[in-house]
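These notes concern the structure reproduced below.
The values are calculated or read from the model by the stated rules, or taken from the named source; none is laboratory data. A quick note: this is a predicted structure, and the numbers were derived from the prediction, not measured. Backbone-built Cβ (ideal geometry, glycine too); neighbour counts: all protein chains shown.
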């Protein structure tokens, strides 16, 4: 989330003035009247910020899952890492589709869509990791 918000507030600029992160945390936003090309591609910019955060978070998460949450050893570490990224990629693609649809067609704020995206991704990831990747 931290990587997402750093990118969303700076170089990818996908936060709107009514976004909770702008209102509550004072993050910068982009003003618009709804006709700018930027606003039409807000969902794509949010997806890019999520994808970059995904790679960073998954390396960190794999290390923590292996050390603290699950017991390693079901697969060789490199197979485990590949499966971990595969399951995370699948979960993230499903969650990104939900996030993008919420932003593009429902018109929710970027932050609300990200919260939904994280929740969907969390559930799918945990199940995949518990039942397919690590030893229970």
Residues in segment 89-115 that are in a helix (DSSP H, G or I) and buried (at least 18 other Cβ atoms within 10 Å of the Cβ): how many?
12
Tally time: how many residues in segment 4-39 are at pLDDT 85 or above, over 19 Å from residue 99 (Cβ atoms) and outside any loop (DSSP other than H, G, I, E, B)?
3
Counted residues, segment 57-88 - those being assigned to a loop (DSSP other than H, G, I, E, B) and in contact with a strand residue (DSSP E or B) (Cβ under 7 Å, 6 or more places away or on another chain):
3
Selection status of residue 54, more than 14 Å from residue 112 (Cα to Cα), in contact with a strand residue (DSSP E or B) (Cβ under 8 Å, 6 or more places away or on another chain) and surrounded by 12 or more Cβ atoms within 10 Å (Cβ to Cβ):
no
From (1) surrounded by fewer than 20 Cβ atoms within 10 Å (Cβ to Cβ); (2) out of contact with any helix residue (DSSP H, G or I) (no Cβ under 6 Å at 6 or more places or on another chain), pick out the condition that doesn't hold for residue 128.
(2)
Among the residues of segment 74-96, is any over 15 Å from the mean Cα position of the chain (by Cα) and farther than 18 Å from residue 132 by Cβ?
no
